[in-house]
Amino acid sequence: MLRLVYYPWITQNVAQQLIADQIGVYARQIEQKLAQAGAADTVQVMPPVDVPQQIQQVADGTADIALMNPLGFVFARNHNSNAEAVAVAKRIIDGQVGIVYFSQLYAHKKTAIRSLAKAAGFSVGFGHAYSTSNFLIPAFMLHQARVHPLLGFERVHFLKGHELVAKAVYEGKVDLGAGHDGVIIDLANQRGYGDAGDVLVQVKRSDPIPSDPIVLTTPDAGRRAALQQAIVDAGNTPEGIEALKIFWGNVQGLAATTSQPYMVLGNALQALKLEQGDVLPPR
């Protein structure tokens, strides 16, 4: 039996039961691909746990397959060298399907913020401290602009989610917001925020970030290769693609990958002098 784990905010504005059901659909596709390859096994979808607990599951090997956020994977791999990224989510970015996405810092157009260098002294809203695009990369962008991501602002808020940050910027509760590059569009699609695309302006977009990975913890290279093939193939069947779109933020399929692209996040952590204990809440 293969234990598949995920975190509850793997996508937003979708009911948790629907997320669980659609991950179950994807798990059945993995089982079918394994059976076709003569490596029959069952995939049990475990109850969702928040990122720190998921990292621990991967670190101690109590998860076999993990649908992870990029930073969570980096932390988990630091504890378990057998943790390997084997598949990456394909997303629509700039009208094209690809395996990278972007973070951004954005502001209300009524503020004077039009460059990161001018952001010092205002207020900033991040999401979770252990989010890649909701904290780490925006903080790194500020660092590169010579603005301290924590000490360079009048107020710093951790608002626990892309959507909540966007609403706070829209409503003038914070001046600068951090999030993935589609957060303004997502907000504009919600009732009462239809003009978000006019009200909110992008100040800076990040360099490409590797998209969310699927991680395996098996130490056996042969078994890992077989599972990787099944995981990728399952994510590219019609049923798998439809399930991914629902439970993983409109993901368009999967591509094979390795752990190497995610090491750029470790470089950002080093530049900011951050360790896992700095950004993860106590368990």
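The values are calculated or read from the model by the stated rules, or taken from the named source; none is laboratory data. Just so we're clear, the structure is a prediction, and the values are computed from it rather than from any experiment. Here Cβ is always computed from backbone atoms with ideal geometry, including for glycine, and neighbour counts include all displayed protein chains.
Some values worked out for this structure:
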{"read-out": "Residue within segment 270-278 that is of a type in the set (A, V, I, L, M, F, W, C), under 16 Å from the mean Cα position of the chain (by Cα) and buried (at least 16 other Cβ atoms within 10 Å of the Cβ) present", "value": "no"}
{"read-out": "Pairs where the first residue, in segment 11-27, is within 17 Å of Gln44 (Cβ to Cβ) and the second is part of a loop (DSSP other than H, G, I, E, B) and modelled with pLDDT under 95, C-beta under 8 Å, 6+ apart", "value": "Ile19/Thr11"}
{"read-out": "Counted residues, segment 173-188 - those being touching a helix residue (DSSP H, G or I) at 6+ places or on another chain (Cβ under 6 Å) and not in a helix (DSSP H, G or I)", "value": "5"}
{"read-out": "Single residue of Ala255, Ala226, Ala230, Ala243 found to be surrounded by 15 or more Cβ atoms within 10 Å (Cβ to Cβ) and part of a strand (DSSP E or B)", "value": "Ala255"}
{"read-out": "Criterion violated by Pro213 - all others in (1) touching a residue at least 40 places away in the same chain (Cβ under 8 Å); (2) loosely packed, with under 14 Cβ neighbours inside 10 Å; (3) closer than 15 Å to Ile65 by Cβ satisfied", "value": "(2)"}
{"read-out": "Residues within segment 103-119 that are within 20 Å of Ile137 (Cβ to Cβ) and crowded, with 17+ Cβ neighbours inside 10 Å, tallied", "value": "8"}
{"read-out": "Selected residue [without any contact (Cβ under 8 Å) to a residue 12 or more places away in the chain and either of a type outside the set (Val, Ile, Thr) or assigned by TED's automatic domain parsing to the domain that holds Arg146 (or both)] from Gln229, Gln276, Gln260", "value": "Gln260"}
{"read-out": "Residue match in segment 76-90 (condition: under 16 Å from Met263 (Cβ atoms) and among the charged types (D, E, K, R))", "value": "yes"}
{"read-out": "Filter result (crowded, with 21+ Cβ neighbours inside 10 Å and either of a type in the set (Gly, Ala, Ser) or under 24 Å from Asn250 (Cα atoms) (or both)) within segment 141-166", "value": "Leu159, His162, Val165, Ala166"}
{"read-out": "Selection within segment 168-195 - of a type in the set (Gly, Ala, Ser) and either buried (at least 21 other Cβ atoms within 10 Å of the Cβ) or farther than 21 Å from Trp9 by Cβ (or both)", "value": "Gly172, Gly177, Ala178, Gly179, Gly192, Gly194"}
{"read-out": "Of all residues making up segment 26-45, the number that are closer than 17 Å to Asp64 by Cα, surrounded by fewer than 15 Cβ atoms within 10 Å (Cβ to Cβ) and out of contact with any helix residue (DSSP H, G or I) (no Cβ under 7 Å at 6 or more places or on another chain)", "value": "1"}
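Per-residue answers, yes or no, for (1) assigned by TED's automatic domain parsing to the domain that holds Leu254; (2) surrounded by 24 or more Cβ atoms within 10 Å (Cβ to Cβ); (3) of a type in the set (A, V, I, L, M); (4) modelled with pLDDT of 95 or more:
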| residue | (1), (2), (3), (4) |
| --- | --- |
| Pro48 | yes, no, no, yes |
| Gln57 | yes, no, no, yes |
| Asp64 | yes, no, no, yes |
| Val74 | yes, yes, yes, yes |
| Asn78 | yes, no, no, no |
| Asn82 | yes, no, no, yes |
